[in-house]
Structures are given as structure tokens and as C-alpha cells.
Amino acid sequence: MRSIEIPQPEDRDWRYRIFEILPGAITWIVLFLPVVLSLISPKIAAYFIVAYLLLWFIRALSLNVRSLQGWQLMNEHKRVPWQELNNDLEDLVVRAKKAPKWHARNLDRVREYMMHSRIKPSEVIHAVIVAAYNESKDVIEPTIQSVLDSKYDPKKIILILAYEQRGGKEVEKTAKELMHTYADKFYYAEAIAHPSDMPGEVIGKGGNITFAARKFQKYLEENNIDPAKVVVTTLDADNRPDKQYFAALTYTFCSTEEPKHASYQPIPMYTNNIWDAPAPMRVIATGNSFWNIVLTMRPHMLRNFSSHAQPMEALIDTDFWSVRTIVEDGHQFWRTWFRYDGKHDVFPIYVPIYQDAVLSFSYRKTIKAQFVQIRRWAWGASDVAYVGYTGFIKPNNIPKYKIWSKFLRLLEGHISWSTAPLLLLLAAFVPHLLNPNLFFLNPQAYLVDQLPHVVSTIQRVATVGILVTLFLSFQSLPPKPERYKRRRNLWMVIQWVYLPFTTILFNAFAAIYSQTRLMFGWYLGTFDVTDKAVVKDVPKK
């Protein structure tokens, strides 16, 4: 079986390095393009900038429509009687009184294509791997409790608490206490410590959950449990599944024609502590939440991110997650895609996994932690080299047009991440600033002189999208804690003045930072765990 692992830095040849250089090189070229064009031909620069802005204006309208559609769909799926639908799926008979229209069509499809190979809902066992580093009991326990509180039989759920030995004695003590409290409430539960300094591993989540999953595989073998019927969900310490998550996942898994070749992606929503986080972090958390909603409406763009689920059978085939990257979640899609020669899809689960917005133990630490978190996400640009090298250089059986399609979408996504905020906000002023007397010297250059005004008009119209996000963000808020007064609602509106600041400083600069490091081979080899501070109902935080 051919290797699908990321090569170690010392094993990356010049061809791999070219692919690593590509995102950063294109980013810097695009950022300097308005300057270069303005010096060569201000009119061409103006046309380029207007075309770019109009493209993103159309994209923004599309994103707003998708966010509204996704929001409506998520709320509909939270109300679906999933357990009743699973009962129907068990016997292939429609009995649920409030079944959606697509339910009957799914049963017909299962009867036609899956009768001899299907897995029934009653046969499914869920495994939940909760990854922890040094988080406190106040963070981890609500996550376990949320799994227990699901509208699903906990005796069909296996709980694995994967914690880091390097996290110290306190997290080990917490793990043992939680196992003592909750172990008998699940089908099976175990706390597994990931040893420090494992050879060949970066310091990250991938090594932790992979070590736990390998031990879990032995448990399945010892108890004669078919891994094809086990669905594994990975959660961070602060991730709390919606009550409908496991029932919805069961239904989707059992109605997938080839579940071995599928991953399942719920919607990460950063709302657990949204009332407590500082205003800039609230803006970023809300934007990330609705971007995740939009992605569920664009299946061709959907890849594993944060919490996700995959059949144990497929995880065994891929030797679980990569231990050589700090972005093991998104990389798992590519890892599986190449293992199965392109026969792998991600199916959305339209219910949320509630997560924390960034909140550390001081404002300064929170700002730093937010940048570090997005910098880690932006390190997903390293997958450009993996996909390019594995797809175009190494032998495989995937049609080249499929590889090109995936590769270009991946590359474009990371280039837009690093360049779009800066170009949209600043590019319109470049031709005018570099040629302040152009209008007087050349009356034909009217467009250059008026470019900032044209762009300002487009941007004002585009702010309608912020109103859509603002409306949906209020709809998604959990109940306001009693420790906050009504004026906190006002700050939830005023906070959006931070949007240009957060978009550039955190999103664009973090992506530029990661891509530039990758370009020069300054690899990020440590998963910087985001602080999980907890605010309690006491006078002082």
C-alpha cells in the first residue's frame, strides 16, 4: 500500500518545495500587483481593481444568500425528529408523522441500491474522541455532559478522553475523575494519555487522537466489534454537540451508499462563551460561524474542519490522522481522498457543534491567542504542496482533471484568504496616491481619479451583507448570562465597527504570515493550543 503520509522536512525534494513556495509567492505578487500596474499604466490598474471589486461584490451577494439558506436549513434540521427517522430507516417504512419530504426519497434509494450491504441504525456504534491538552474540568466536563444529554442512547456511544502527558499531572487527575464519574453511563469509556516526545511527530492534536484511536482499534478487535459499523467523531475539549447531532449523524451514515468513502461534517458554531469574549473576538467568532454555515451549502468546497466524523474502517485504512501536521483535520480529507484514489466525499450534517470563541486570561493574551489560532488554521496552505506533489508527481489513479479542479480551488481559497481583505480595503487608493497629478496631466484618466469614490459606493452597498450577518448573529446567540445587563446587547451591535480591523489584522495577516513561513521553509511544528478560559457567575472574572 503506497504511503499517503506527509514527507518529513528533510525528505522534501525541490519539486515539493516549489509547491510549498507557490501560495506565498502568488500572495506577494497579488499584493504588489496594484502598485506595479499603477506605475506602468494607472488606467489598467484602475480597470483591474474595479473588476476585482465587482467580482467580490458578486461573491458577497452570493455568500449572503448562502448564509441565509444555510441558517434556515440548520434550524430546520435541529427540529427534525431524527430518532423517528432512524426507526423508519431501520425497517424502510415511513411512519414518522413529521418526516421531511426527502425522507421517503432516501428510503426508496436505500431499498434500490443498498439492500444487501446497508448498515442499520440499530447496528451503529458511535465513538467520541475528546482531545485535551491541559484544559480544566470546567472546560472538559460540559463537553462530556453534552454528549450524554444528546437525544441518543448513551449506551451506544463509546467515550475516549485523549489527553496529553505533557499537559501535566492536573489534566491526568481531571481525566481520572471524569472517568470515575461518567464511565458507567456510556457503552464504554477510557482515558488515554498520549506520551510526550513521540518520534516522528509534530507536537499537535493529530498525534494525540491517533494514539488514542490505535488503542481503541485494539479494543474493537478484542471485543469482535466490526469497525465498519463504528463512526468516530473527534471533539476538542470545548466542543459541545447539539442534542440532535448523533441521531442526525446515524441517519446520514446509514443512508450513505458507500459510507467507507465518506466523512461527515457538522457546523462549528463559536457561541459557547460568546457573551464573555472581547468584542474583536466576538466579531471573528461570528464571522467564522457563518462561513462554516456557507460551506455546508457548497459541497464542492467542503472539507473536514475541527470536529468531524468518519467511519472507523476508513480511519484504519488511512492509519488514522497525520502526526506530521498541525492541521490534521483539513488534511484528513486529502489523506483519505488519495488513499481511495479520489473516491471520497464530505457530507454535511446540518446541526451545530458549539465551540468557544477565543478567551484567555487577559485581554492581551486573548488578542495573541486569536492570532495564533487563525495562523494555525492558515497553515492549511501546506496542503497545497501535499496535493500538488501527491497528485501530479507521485503515481496515482485519479483523473488529472479532478486533481486540477481540487488543487486550483484549494490554492485560490488560500490566496483569497491572504489578499482579498487588503485589496478590497486599500487597492483603490493606490493608483491615485502613486499618481496624484495624473488627472491634471491627462484628462483621459478620469477613472483613476474617481476610483476611490467608485469603490466607496460599492463598499457601501456591500455593507448590506453586514446587516444580514448582524441579524443572524443575534438569532444565534445563546441566552444572555444574568451577570450582564441589557446594555450588553448594544455592544453586540457596536462591535461590528471592528470588522475591517479584525479582517485584516487577524485573517489576512495570519494567512500572509503562515504562507511566508512556508515559502521560506520555516515550518510550524507545534500545535499552539488555544487557551480555554472560563467566566463564572461571580463579581470578578
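The values are calculated or read from the model by the stated rules, or taken from the named source; none is laboratory data. The structure presented is a predicted model; accordingly, all values stated were derived computationally and were not measured. Cβ coordinates were reconstructed from backbone atoms using ideal geometry, including for glycine residues, and neighbour counts include every protein chain displayed.
Points worth noting:
- Of all the residues in the stretch 33-46, those that are surrounded by fewer than 16 Cβ atoms within 10 Å (Cβ to Cβ) and more than 16 Å from L425 (Cβ to Cβ) number 5.
- Members of the stretch 8-21 that are part of a loop (DSSP other than H, G, I, E, B) and either farther than 13 Å from G388 by Cβ or touching a Leu at 6+ places or on another chain (Cβ under 7 Å) (or both): Q8
- As a summary of the residue check, V529 satisfies the conditions (1) touching a residue at least 40 places away in the same chain (Cβ under 8 Å); (2) under 28 Å from F474 (Cα atoms) except for the one numbered (2).
- Check on T325, crowded, with 20+ Cβ neighbours inside 10 Å and touching a strand residue (DSSP E or B) at 6+ places or on another chain (Cβ under 6 Å): no
- Number of residues in the stretch 476-490 that are surrounded by 12 or more Cβ atoms within 10 Å (Cβ to Cβ) and either in contact (Cβ under 8 Å) with a residue 12 or more places away in the chain or in a loop (DSSP other than H, G, I, E, B) (or both): the value is 8.
- Single residue of V294, V351 found to be touching an Asp or Glu at 6+ places or on another chain (Cβ under 8 Å) and either touching a residue at least 40 places away in the same chain (Cβ under 8 Å) or of a type outside the set (F, W, Y) (or both): V351
- Criterion (of a type in the set (D, E, K, R) and closer than 30 Å to I494 by Cα) met by exactly one of D276, D226: D276
- Hey, A285 modelled with pLDDT under 95 and of a type in the set (G, A, S) or not: yes
- Residues located in the stretch 502-541, provided they are farther than 22 Å from G413 by Cβ, of a type in the set (K, R) and either part of a loop (DSSP other than H, G, I, E, B) or modelled with pLDDT of 95 or more (or both): K536, K540, K541
- Single condition T143 does not satisfy, out of (1) among the polar types (S, T, N, Q); (2) farther than 16 Å from T250 by Cβ; (3) outside any loop (DSSP other than H, G, I, E, B); (4) out of contact with any Lys or Arg (no Cβ under 9 Å at 6 or more places or on another chain): (4)
- Taking the criterion of being closer than 24 Å to P227 by Cβ and in a loop (DSSP other than H, G, I, E, B), the residues of the stretch 146-194 that qualify are S150, Y152, D153, F186, Y187.
- Residues satisfying the stated conditions in the stretch 117-140, i.e. part of a loop (DSSP other than H, G, I, E, B) and within 19 Å of A212 (Cβ to Cβ): Y133, N134, E135
- Enumeration of residues in the stretch 349-386 that are crowded, with 22+ Cβ neighbours inside 10 Å and β-branched (V, I, T): I349, V351, I353, V358, I374, V384
- Count of the stretch 72-99 residues which are outside any helix (DSSP H, G or I) and within 13 Å of Q244 (Cβ to Cβ): 2
- From the list E222, E177, the lone residue that is surrounded by fewer than 20 Cβ atoms within 10 Å (Cβ to Cβ) and either in contact (Cβ under 8 Å) with a residue 12 or more places away in the chain or among the β-branched types (V, I, T) (or both) is E177.
- G204 meets the conditions (1) at pLDDT 95 or above; (2) buried (at least 18 other Cβ atoms within 10 Å of the Cβ) in every case but one. The failed one is (1).
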